[in-house]
1. Given the criteria under 30 Å from Lys602 (Cα atoms) and surrounded by 20 or more Cβ atoms within 10 Å (Cβ to Cβ), does Gly143 qualify?
2. Just wondering, is there one or more residues in segment 165-172 that are touching a residue at least 12 places away in the same chain (Cβ under 8 Å) and open to solvent by 50 Å² or more (accessible area, probe 1.4 Å)?
3. Taking into account only those residues within segment 487-542 that are farther than 15 Å from Glu553 by Cβ and aromatic (Phe, Trp, Tyr), which is most open to solvent (accessible area, probe 1.4 Å)?
4. Of all helices (runs of 4 or more DSSP H) completely enclosed by segment 8-124, which ones contain at least 1 residues that are over 30 Å from Ile141 (Cα atoms) and of a type in the set (Lys, Arg)?
5. Of the residues Glu129, Glu133, Glu109, which is under 30 Å from Tyr315 (Cβ atoms) and charged (D, E, K, R)?
6. Determine which single condition Ala24 fails, assuming it passes every other condition in (1) within 11 Å of the ligand (Cβ to nearest atom); (2) within 19 Å of Asn116 (Cβ to Cβ); (3) of a type in the set (Gly, Ala, Ser); (4) open to solvent by 10 Å² or more (accessible area, probe 1.4 Å).
7. What residue, of Ser57, Ser43, is among the polar types (S, T, N, Q) and modelled with pLDDT under 95?
8. Yes or no: Ser334 near the ligand (Cβ under 10 Å from one of its atoms) and among the hydroxyl-bearing types (Ser, Thr, Tyr)?
Amino acid sequence: MNNHIEEEFDIIVVGAGHAGCEAALASARLGLKTVMFTVSVDSIALMPCNPNIGGTSKGHLVCELDALGGEMGKCIDKAFIQTKMLNVSKGPAVHSLRAQADKQFYIHEMRKTVENTDNLYIKQAEVSELITEEIKDGLKINGVVTSSGAVYKSKKVVLCTGVYLNARCIYGDVSEYTGPNGLRAANHLTKSMMDKGISVRRFKTGTPARVDSRSIDFSKMEEQKGDDFIRPFSFSNDPWDIEKDQVSCWLTYTNEDTHNIIRDNIDRSPLYSGDIKGTGPRYCPSIEDKVMKFPDKERHQIFIEPEGLYTNEMYLSGLSSSLPEDVQHAMVRSIKGLENAQIVRNAYAIEYDCIDANQLKPTLEFKRIEGLYSAGQLNGSSGYEEAAVQGFMAGVNAARSALGKDEIVLDRSDAYIGVLIDDLVTKESFEPYRMMTSRAEYRLLLRQDNADIRLRKIGHDIGLVSDEEYEAFEDKLKMIADEISRMETKIAGSNQRVNDFLNKYNSALLENSKGVSFASLIRRPELNYELLEEIDDERPELPWRVREQVNIEIKYEGYIRRQLQQVKQFKKLEGKKLPKDIDYKELSGLRIEAQQKLNLIKPENIGQAGRISGVSPADISVLLIYLEQLRNKKE
Ligand SMILES: Cc1cc2nc3c(=O)[nH]c(=O)nc-3n(C[C@H](O)[C@H](O)[C@H](O)COP(=O)(O)OP(=O)(O)OC[C@H]3O[C@@H](n4cnc5c(N)ncnc54)[C@H](O)[C@@H]3O)c2cc1C
């Protein structure tokens, strides 16, 4: 009698964090029998760090994920306790929605969703080994083994292990081999991954202390309220569907005392003593890094954010640290409004194993292990949103591959998701990768507000956007197109009413009699589609998202057209496919560094080859000539 259970699934997902949940939901919703493992069922969709979803560029990822049929947007629309559109003073390309989350309610809602999805099963067990077999150019996945010896067979496995592999939590000289919040770490899988030839590295990230709100003097801080207009993340939700009282966040600052406390104790910081070996995120620095690297900065912003309605815990955003406990207490109490702070949880850093994503194809499948996919923090990214979108793409691709269908790759002109994954699998990164709008060349096209226009059809074709949602989307497209053409053809005459209106907004009056189109008025910086309602009697009743698109499409039409031109060029190079089996060492015209990098990455096309650091334009010319010769030979 085999004293270990043995079961078969279509898809195995290792991890129930933000990546794991999206991967498992995608494959189960596509009809595949899916099992999702986690070391603790209570950590499903855990938010171990900042209590918010979205923000600059991260809001774009959430909207894109929702447009494709992912879950995070719908979940945060249920669990948010404050919502705010950031960067509204800037152009629409960088408008970014951020919602403060009630962490427990977010977990509650995501858990309810995953536990009630057909074909999806959850198991609390540590996966400790990968089962593979040799094939021609590498290995093939056949399943996993858990630390109890149970065997789970499958042709597709998605690794979403986050910050748990050989996790170590550190503050001062306190060091514990646990996952976040004292949860169990996963200490066996890394060895099995390395035995299969996967190269692993060590990254770190950190989180600030949590303080009891009853011990905070908010009268000494600046209140940060949410927006009156509640804009949902999900395209399936409307503001009117969401009635909610919002809570506030609070703004205070560090000061010279705080900085002196840190400087005086920097030798006791595990970060500066070298005890922490993992590489941390440059764009989420610890307070000790900020104070040491920017000594002239008089103060640093600290946002006090509620962790939820069910608790008094407040998150000290901007004060991430791994300094010793006594230093943390002195540091926190040196800050205005926190003089009597009661710390509930100390700040700490966490080190964990992750992979170099150069080992992955743009589908997030390992190049050398067929059927094994990887997503989330394990790929060297940082952030709930970055993890969720990778989980979704890996889950969809594992499922489609299991169904014998083509896998989905979004490119840099389709979505921030495409930029994120292309950067991870193509470029070298030596620290946790955080998404930023500056990483996206075509960000005027990749706006948050038009994520559905860019991706809804793909989500529907995949089968994760329902027909009902898609019909509503098509209606929206029609309304936008109709209203834009109405604005392009409707003429504002040079009459008293129009000129009074123009005068009211300090806009140039219409002198000649011919009049101008409403669209040309919208293009004036001081005017927009909403304002023109005053002189537009036949204006139809249109949903806010339609009105928003009409305004942006008309107002930025010139910029958008120019960026579409650039995308045409980009697509041309992306279209020049490179054979998978080239040994670049044989292309003598290439420099040695380029040969090595090209053999490591095995780019799919000329465009991707051009983005590999160490591959020069001269090397690209060699590749283009080589492709030309190949084509002539074929002909
Ligand atoms: C202390 C700390 C500070 C952070 N600071 C920041 C920050 O400042 N900025 C930021 O953007 N992000 C930060 N993060 C990261 C953020 O939490 C992650 O980006 C996000 O949670 C990653 O999601 P994920 O799904 O990849 O992994 P996780 O959310 O870590 O989930 C991993 C899942 O895998 C499971 N698992 C792992 N190994 C196994 C195994 N062998 N067998 C079975 N199950 C397994 C775990 O149980 C868990 O369910 C921080 C995280 C921590 C812990």
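The values are calculated or read from the model by the stated rules, or taken from the named source; none is laboratory data. Note that this is a predicted model, so its numbers are computed, not measured. Because the Cβ atoms are built from the backbone with ideal geometry, glycine has one as well, and the counts that use them run over all protein chains shown. What goes into the accessible areas is simple: the full protein's heavy atoms, side chains included, and nothing from ligands, DNA or RNA. Shrake-Rupley method; radii C 1.70, N 1.55, O 1.52, S 1.80 Å.
1. Values: under 30 Å from Lys602 (Cα atoms): yes; surrounded by 20 or more Cβ atoms within 10 Å (Cβ to Cβ): yes.
Taking the combined requirement at face value, the residue satisfies it.
2. Filtering segment 165-172 down to residues touching a residue at least 12 places away in the same chain (Cβ under 8 Å) leaves 165-172.
The next check asks that each one be open to solvent by 50 Å² or more (accessible area, probe 1.4 Å); those that pass are none.
For segment 165-172, residues touching a residue at least 12 places away in the same chain (Cβ under 8 Å) and open to solvent by 50 Å² or more (accessible area, probe 1.4 Å): absent.
3. Tyr505
4. Values: elements: 18-29, 58-68, 72-79, 103-115.
The qualifying helices (runs of 4 or more DSSP H) are 58-68, 72-79, 103-115.
5. Values: Glu129 fails: under 30 Å from Tyr315 (Cβ atoms); Glu133 fails: under 30 Å from Tyr315 (Cβ atoms).
Selected residue: Glu109, the only one of Glu129, Glu133, Glu109 that is under 30 Å from Tyr315 (Cβ atoms) and charged (D, E, K, R).
6. (4)
7. Working: Ser57 fails: modelled with pLDDT under 95.
Result: Ser43 is the single residue among Ser57, Ser43 that is among the polar types (S, T, N, Q) and modelled with pLDDT under 95.
8. Working: near the ligand (Cβ under 10 Å from one of its atoms): no; among the hydroxyl-bearing types (Ser, Thr, Tyr): yes.
So Ser334 does not fit the description; no.
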